[in-house]
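Have a look at the structure below, then the notes.
The values are calculated or read from the model by the stated rules, or taken from the named source; none is laboratory data. What you are looking at is a predicted structure, and each value in this text was computed from that prediction instead of being measured. We place every Cβ from the backbone using ideal geometry, glycine too, and count neighbours over all the protein chains shown. Areas reflect the complete protein model, heavy atoms only, side chains present, ligands, DNA and RNA absent. Shrake-Rupley method; radii C 1.70, N 1.55, O 1.52, S 1.80 Å.
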Amino acid sequence: MSRRICVMGNSHVAALKGGWEDGAAPRKDILPTFFGALSDGMGTLDFVDGEVIPRERKAAEFFKRISGTGGGVRAEDYDAFVLVGMGLFPTPVFTNYARFATPSTQHVAEHFVSDAVIADTLWESIDGSMMMHCARVLRRATDKPIHLAWQAFCSESLFDIDWRAAQMQPILDNGDQPFVNMMMDGVADKLRDAGFGVLEQPEETKRDGVMTKAEFSRGSVLFRAVEKNAKEHRENDVFHMNSLYGRTCWNRWEI
């Protein structure tokens with residue numbers, strides 16, 4: 001009998017939804033149902049009258065419609081939960097790299113600080129994210145396994161965008177990908193200590209350790225209830241992944 005998996009998140013759920021629904025299901029041991037809201041709609045998620053659902057009206061309507069269930073999440077209906085996107089991404093590591101060097105980085109910068117300074121900055125960002133708000137709301141509703149999925153690294157197509165290229169190239173030039181991953185490992189340890197599972201980006205989807213291969217992003221679609229003829233993201237969107245990425249995750253993740 002297939003285990004019932006509840007998947008919740010923001011627009012990044014689209015890759016997992018498409019990866020499951022485009023063609024034959026990639027696995028037979030699980031059966032996912034997809035919930036979510038656009039933009040910051042998941043920020044109003046709450047435990048209301050036995051259901052996990054956004055309090056904001058439009059977000060709640062989308063949340064119910066996208067799943068096809070017509071309601072919120074009743075925790076007793078599922079065996080495990082997967083939360084996707086919603087700010088689980090090492091943004092502060094990338095944005096602070098140019099100005100701050102540490103004992104573990106290989107570059108010279110305006111400021112020299114301890115590794116812990118960057119680690120604490122990253123954790124502060126994650127701890128205050130929509131992801132952690134939703135994870136904590138869900139934990140109030142259930143003691144079943146809750147897995148938090150890292151948002152995929154930006155596509156290697158980022159080199160077509162000047163400011164993104166300027167941010168990424170020094171990290172590659174200095175070989176500081178291990179530093180980025182070390183900071184992420186520290187967050188993962190904290191999440192596990194708090195009782196959450198952590199789902200990593202599949203290695204075969206990465207380029208140079210801190211980006212995603214373009215083939216896993218090209219043609220990504222908007223998060224909508226019906227995927228047939230779904231509208232694609234703008235051409236220079238490097239942030240969202242496609243159904244090939246989603247299918248790869250389903251084939252690699254141990255849930």
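Some observations on this one:
- Against the test of being modelled with pLDDT of 95 or more, of a type outside the set (G, A, S) and surrounded by fewer than 14 Cβ atoms within 10 Å (Cβ to Cβ), the options D143, D115 yield a single qualifying residue, D143.
- Residue among F179, F239, F196 that alone is open to solvent by less than 20 Å² (accessible area, probe 1.4 Å) and either under 19 Å from the mean Cα position of the chain (by Cα) or on the phi > 0 side of the Ramachandran plot (or both): F196
- Filtered by the rule that a residue be assigned to a helix (DSSP H, G or I) and free of Cβ contacts under 8 Å to residues at least 60 places away in the same chain, segment 92-114 gives P92, N96.
- Residue selected from segment 28-79 under the condition in a strand (DSSP E or B) and among the β-branched types (V, I, T), by the criterion surrounded by the fewest Cβ atoms within 10 Å (Cβ to Cβ): V48
- Residue list for segment 206-229, filter: open to solvent by 30 Å² or more (accessible area, probe 1.4 Å), at positive phi and modelled with pLDDT of 95 or more: D208
- Criterion (assigned to a loop (DSSP other than H, G, I, E, B), open to solvent by less than 10 Å² (accessible area, probe 1.4 Å) and on the phi < 0 side of the Ramachandran plot) met by exactly one of F153, F89: F153
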